[in-house]
1. Which of rounded, prolate or oblate describes the stretch 352-417 when judged by the alpha-carbon gyration tensor and an a/c cut-off of 1.5?
2. Kindly put 392, 436 in sequence by how many other C-beta atoms sit within 10 Å of each C-beta, fewest to most.
3. Using the Cα gyration tensor of the stretch 577-652, with a ≥ b ≥ c the square roots of its eigenvalues, what is the shape: rounded (a/c below 1.5), prolate (a/b larger than b/c) or oblate (neither)?
4. If neighbour count is taken as other Cβ atoms inside 10 Å, put 546, 154 in order from fewest to most.
5. If neighbour count is taken as other Cβ atoms inside 10 Å, put 242, 400 in order from fewest to most.
6. Taking every pair of alpha-carbon atoms in the stretch 34-117, what share in percent sits in each 5 Å bin, from 0 to the bin with the longest distance?
7. Rounded, prolate or oblate: which one fits the chain, using the alpha carbon gyration tensor with axes a ≥ b ≥ c (rounded when a/c is under 1.5, else prolate when a/b beats b/c, else oblate)?
8. Using 0.36 nm times the number of residues separating residue 329 and residue 501, minus their current alpha carbon distance, what extension gain do you get?
């Protein structure tokens, strides 16, 4: 689409309330008003954010793919054609290492259109056509299609088409563009950077690794195609160094979900967003702070080496917290209408027992479900008198046989279900629960709506002390007056025995508390309910709208000048004492640190990468290991696990 002419079917300013600034949301999903049109939690954020802004008088437009659901949108929601199509050529630049057998610069022709639907004061534009209607079942490309099928480029097609649609539909109108989820909208901020009639806010909904890379030639070609040329090479990372610490980081970080090193020729998509957006919007204060430096994670020293760290630092003045919330429909439900005993009996459970509840998609590592089920098995094997209601929504073929084996052994105490169900069922199960289990790992959760929903029903949380969910108030000391529940330390490894042990301990404590100290349990339950119910869309909308008004165009100089990047923080001083002693045909490493829970040494074992060797605990704060050969002349790196899921790298000798 080109030119300022508004496509027929697109609402004019007179068609909607315009007492407040016009907000245009660009989002890969916005179907939370109908569960059939929803595939991820991001859809809930997009829809509720748009709905809240519309209710406060903003004119709100949403641009999103139809995902092959055009017929359903027409039949069930009355969507109509806008009457205009767009024929254009995609400026694809493919990485030959990932697309063998394809030309480096294919130029597929695509034709796209748009459906219009007005719902609850929000104008929704569903883009249809080549690529955009691919993957109608999942909405998201199949990773196996990279290198095999150009439809894998659907998210890129969406970004290009969305920018063209906004330019054609809304021309030179003043508007603020809310670009949801940088992974799917990273081209939007630079595409509108020179447009004096549009400001752009990027809303960071999920914690994708900050160095998630995009092929630089592809970004360059796409932005030139959009008449927004950008110096992409400025975002390249410096060459990797060959220090002991760098080698240890390369060996360890792939398993942490924090680092996705891309080959040369790729740049971080978040660098584009930080530099070119007028505002970067986070869902909670903990998420914003986590992104500021990854403090206390194994990734922290690696982050300081990346270009994106300097780019983010010089744009820190743009960062703000717009917030997130428990849905209005959930908060409006009546807990007293749920018969707890009837619900539990219907699940084959004993209403007289304390009940623990977990509901999430099946994401065995992200959600800490492996450690959770091991802890459940452990306490049930010990004879614990408690119920567990575990929901892991997944395709039937994804059902975990280990999880199912525990459920089969403990029928009458463990109810396990793999189906996705509606809000009615989830609400009944949350009301019937005394505790909720959310031991998520890797800091991948941001707001975590499911935990807020359960807490809003009075379920006391046993949950990870993530930065991204600390707003829910679960702490390591349940005696604190404002505590809402029990915390377990955050985790950054796939199979974490420390997390399993901590979960089992918290479950035992929770059973004892509700049995022996009912008043203390009642205080936690009341605090949990009150805290979760503070997070409303009305509150989040007010926060976000205030910042949006401040960023509404025209801005002074439109794009604020960058401020100098602060000096990266110095590495913390050594925490412990290390000693290396040679003997016979080997050497011994001894390390002492009072605060350490676990220590791993990274040494050369003849493999291409260094190998992590856990040290054996030997007394209070003592750790050690015996190795063959000679100690490495250049030294070695230790990864020290501290209390509450904090981590520290230490070099020996320093």
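Read-outs: derived from the displayed coordinates by stated rules, not from any lab. Computed from a prediction, not measured in an experiment: that's the story for all the values here. All Cβ positions, glycine included, derive from the backbone under ideal geometry; neighbour counts span all protein chains shown.
1. Details: a/c = 1.70, a/b = 1.68, b/c = 1.01.
It is prolate, given that a/c is not under 1.5 and a/b is the larger ratio.
2. On the way: 392 23, 436 29.
In order of increasing Cβ crowding within 10 Å: 392, 436.
3. oblate
4. 546, 154
5. Details: 242 8, 400 18.
Starting with the residue having the fewest Cβ neighbours, the order is 242, 400.
6. Calculated P(r), rounded to whole percents: 3, 11, 14, 16, 15, 15, 12, 9, 4, 1, 0.
7. Values: a/c = 1.86, a/b = 1.22, b/c = 1.53.
Note, shape of the chain comes out oblate.
8. Values: separation 172, 0.36 × 172 = 61.92 nm, distance 3.66 nm.
This chain segment gains 58.3 nm when fully extended.
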